[in-house]
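Written out below as structure tokens is the structure these notes cover.
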Amino acid sequence: MDLSVWTQVAPHVPVLLRGFVVNIQLLLGLISLGLAVGVVTALVEVYAPRPVGIAASAYTWFFRGVPEIVLLFLFYFGLSQFGIPVSAFFAAVLALGLRSSAYQAQIFRGAFQSIPHGQMMAARALGLGRLRSIVYVVLPQALRLSLAGWSNEFSSVLKDTTLAWGIGVVEVMRQASYIRARNFTLTLPIYVTVALMFLVLTYVGNLAIGLAERRLRVPGLEGQR
Amino acid sequence: MGQPKYVVLSDIAWAPFEWVSEKGDYLGFDLDVMRAIAILEGFEIELRDTPFDSIIPAIIAGRGDIGASGFTITDERALVISFSEAYWDSNQAVVVRAGSGLDLDMVASPGRLVGAQRGTTGSFWIEDEWVPLGVTLVEYETYPEAILDLLAGRIDAIVQDVDPSKMAVVQYQGQIEIAGVVDTGEQFGFLVAKGDPKEILPRIHRGVAALKDLGVWDLLIEAYFGPSLGAIESAWEKCIAILLVERDPLRYAQCLAAELRP
């Protein structure tokens, strides 16, 4: 690759960044949705009565078992069949967010189950109700333990946002294809640039999660059973 | 009552039929034709960029009204959507590395690796006509990827529509060339939902006929097929207000063609 191609890529970087902002918006939307639904699903799986727990397991089974691109099509084209005209962006947040919630539920479920049962009994002995015991005693510890697994999910869904072009969301890969369509010779350099953007964001994101993990660590508590 | 509004779906990354300018505007032959027809026939359009493979599903699902994206008319597609009359003849060009000395007969011979974009007429052509001769078909998601592999020597030739191929040859000056053109009798049509429930096709047909009568059609062809994309973009920017604001297709096409004449 000729070095001069990089000077040709430079003017296109703002356009790529405009697309990348859409990926970040998708990420924020889907990961918040996934977090909220994921925590609730995990709580239900671990603590709710059996029939409800089974329903939650079926939910995670479905969203972990269907390919993401299929979920995107189901939400975008499928919902409109029922007279719900969702925008491509919203359909992408829903499809990718619910899928992520199923994975996040697994992370949280493992964390809930790793909190020794004695803590629950101790909380109940102190007079806290079952719900309060979960919210004030188990949940904070479990969330802290989940951070490592969660950083993995973060890196994974960040890259999944590029799939949203499949239903017409103009994100960074689409901006790249606009540029490529009029400058065939820039195909490779443009994708290298996109790769760098994702690498930087993954690095910064994981760094932030790592810092949070260290900050929230309670000395002496880790590894106890 | 306002004018009806139709959502036009197009995969806007296929110059010169449709592409996004450096400044982010949607332009191209298909799109300007749609804009001009909308003015002549009194409807409004909303252009929506959609992946090529998703356009037909989107129209079936009611997420769009018109597909304008260089669609080849095929019996298979006509089972699920309705086509307009053909508006464009497009044959397939065979692109090879410059200086390779390959001609059409040499490409269509045993042991050759020939690339094409997945789902396009080029790949169907290779499959039907050349694979029985011993050619191996290599499919790519996009045309530029195929060119990269051609340049890298991993394939011997690429089959793609004539106009994008010409554009590729201009961009890769001296590196690739057109070995020949295969007459596939391929024609493009606009498409709408099966059975045309909104009665859009008659409007498209009247619009195309009017554009041809007025001379707009030929001027647009002159403007879009030949000049470099950069030149078309600056001419488009100068003239487009005549179409969108003054709503005068003829003066617009004259302006565009005049700007691009040497």
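Here B:Gly42 passes the criteria (1) over 28 Å from B:Ser234 (Cβ atoms); (2) within 14 Å of chain A (Cβ to nearest Cβ); (3) free of Cβ contacts under 8 Å to residues at least 40 places away in the same chain except the one numbered (2). In the condition set (1) over 26 Å from B:Leu9 (Cβ atoms); (2) surrounded by 16 or more Cβ atoms within 10 Å (Cβ to Cβ); (3) in the same structural domain as B:Trp19 (by TED's automatic domain parsing), B:Asp213 is compliant with all but (2).
Can you report the number of residues in the stretch B:20-65 which are part of a loop (DSSP other than H, G, I, E, B) and of a type in the set (Phe, Trp, Tyr)? Walk me through how you get there before you give the answer.
Residues of the stretch B:20-65 that are part of a loop (DSSP other than H, G, I, E, B), as a first pass: B:21-25, B:28, B:42-43, B:50-51, B:61-65.
Subsequent filtering for residues that are of a type in the set (Phe, Trp, Tyr) retains B:43.
Within the stretch B:20-65, residues that are part of a loop (DSSP other than H, G, I, E, B) and of a type in the set (Phe, Trp, Tyr) number 1.
Quick check on the stretch B:166-177: of everything there that is under 18 Å from B:Phe17 (Cβ atoms) and among the hydrophobic types (A, V, I, L, M, F, W, C), which residue is nearest to the other protein chains (Cβ to nearest Cβ)? Before the answer, list the steps.
Within the stretch B:166-177, the subset under 18 Å from B:Phe17 (Cβ atoms) is B:166-171.
Applying the additional criterion that residues be among the hydrophobic types (A, V, I, L, M, F, W, C) yields B:167-170.
Values: B:Met167: 8, B:Ala168: 6, B:Val169: 10, B:Val170: 9 Å.
If we take residues in the stretch B:166-177 being under 18 Å from B:Phe17 (Cβ atoms) and among the hydrophobic types (A, V, I, L, M, F, W, C), then B:Ala168 is nearest to the other protein chains (Cβ to nearest Cβ).
Note on the stretch B:183-204: residues that are under 29 Å from B:Ala93 (Cβ atoms) and in a helix (DSSP H, G or I) total 1.
The rows are residues; the columns are (1) within 11 Å of chain B (Cβ to nearest Cβ); (2) surrounded by 21 or more Cβ atoms within 10 Å (Cβ to Cβ).
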{"residue": "A:Lys159", "(1), (2)": "no, no"}
{"residue": "A:Ala164", "(1), (2)": "yes, yes"}
{"residue": "A:Glu171", "(1), (2)": "no, yes"}
{"residue": "A:Ala181", "(1), (2)": "yes, yes"}
{"residue": "A:Leu188", "(1), (2)": "yes, no"}
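Residues of the stretch B:11-35 that are more than 10 Å from chain A (Cβ to nearest Cβ), closer than 19 Å to A:His12 by Cα and crowded, with 21+ Cβ neighbours inside 10 Å: B:Leu27 alone.
Determine, yes or no, whether B:Thr142 is in the same structural domain as B:Gln171 (by TED's automatic domain parsing) and within 30 Å of A:Leu79 (Cβ to Cβ). So that I can check it myself, show each step before the final result.
On the way: in the same structural domain as B:Gln171 (by TED's automatic domain parsing): yes; within 30 Å of A:Leu79 (Cβ to Cβ): yes.
Spelling it out, B:Thr142 is indeed in the same structural domain as B:Gln171 (by TED's automatic domain parsing) and within 30 Å of A:Leu79 (Cβ to Cβ).
Does B:Phe71 satisfy the criteria of being part of a strand (DSSP E or B) and under 30 Å from B:Trp217 (Cβ atoms)? Even if it seems obvious, please write down each step before you answer.
On the way: part of a strand (DSSP E or B): yes; under 30 Å from B:Trp217 (Cβ atoms): yes.
So B:Phe71 passes the test.
Within the stretch B:115-124, if we keep just the residues that are in contact with a strand residue (DSSP E or B) (Cβ under 6 Å, 6 or more places away or on another chain) and assigned to a helix (DSSP H, G or I), the residue that is surrounded by the most Cβ atoms within 10 Å (Cβ to Cβ) turns out to be B:Gly122. Here the helices (runs of 4 or more DSSP H) wholly within the stretch A:47-130 that include at least 1 residues being farther than 25 Å from B:Pro57 by Cβ and among the aromatic types (Phe, Trp, Tyr) are A:50-65, A:88-114.
Mind checking which residues of the stretch B:45-81 are away from every other protein chain (no Cβ under 14 Å) and of a type outside the set (S, T, N, Q)?
In the first step, residues of the stretch B:45-81 are kept if they are away from every other protein chain (no Cβ under 14 Å); the result is B:45, B:66, B:68, B:71-79, B:81.
Result: B:Ile45, B:Ile66, B:Ala68, B:Phe71, B:Ile73, B:Asp75, B:Glu76, B:Arg77, B:Ala78, B:Leu79, B:Ile81.
From the list B:Asp163, B:Asp149, B:Asp128, exactly one residue is part of a helix (DSSP H, G or I), more than 14 Å from every other protein chain (Cβ to nearest Cβ) and either among the charged types (D, E, K, R) or more than 18 Å from the chain's Cα centre (by Cα) (or both). Which is it? Steps first, please.
Working: B:Asp163 fails: more than 14 Å from every other protein chain (Cβ to nearest Cβ); B:Asp149 fails: more than 14 Å from every other protein chain (Cβ to nearest Cβ).
Result of the check over B:Asp163, B:Asp149, B:Asp128: B:Asp128.
The criterion of being part of a helix (DSSP H, G or I), in contact with a helix residue (DSSP H, G or I) (Cβ under 9 Å, 6 or more places away or on another chain) and crowded, with 23+ Cβ neighbours inside 10 Å does not hold for A:Val137. Figure legend. Inter-residue proximity from the stretch B:188-205: first residues on the phi > 0 side of the Ramachandran plot, second residues part of a strand (DSSP E or B) and at pLDDT 95 or above, beta-carbon distance below 6 Å, spacing 6+ or different chains. Indicated pairs: B:Asp196/B:Ser82.
The values are calculated or read from the model by the stated rules, or taken from the named source; none is laboratory data. As the structure is a prediction and not an experimental result, all values here were calculated from the model. Using ideal geometry, Cβ is built from the backbone for each residue, glycine included, and neighbour counts are taken over all protein chains shown.
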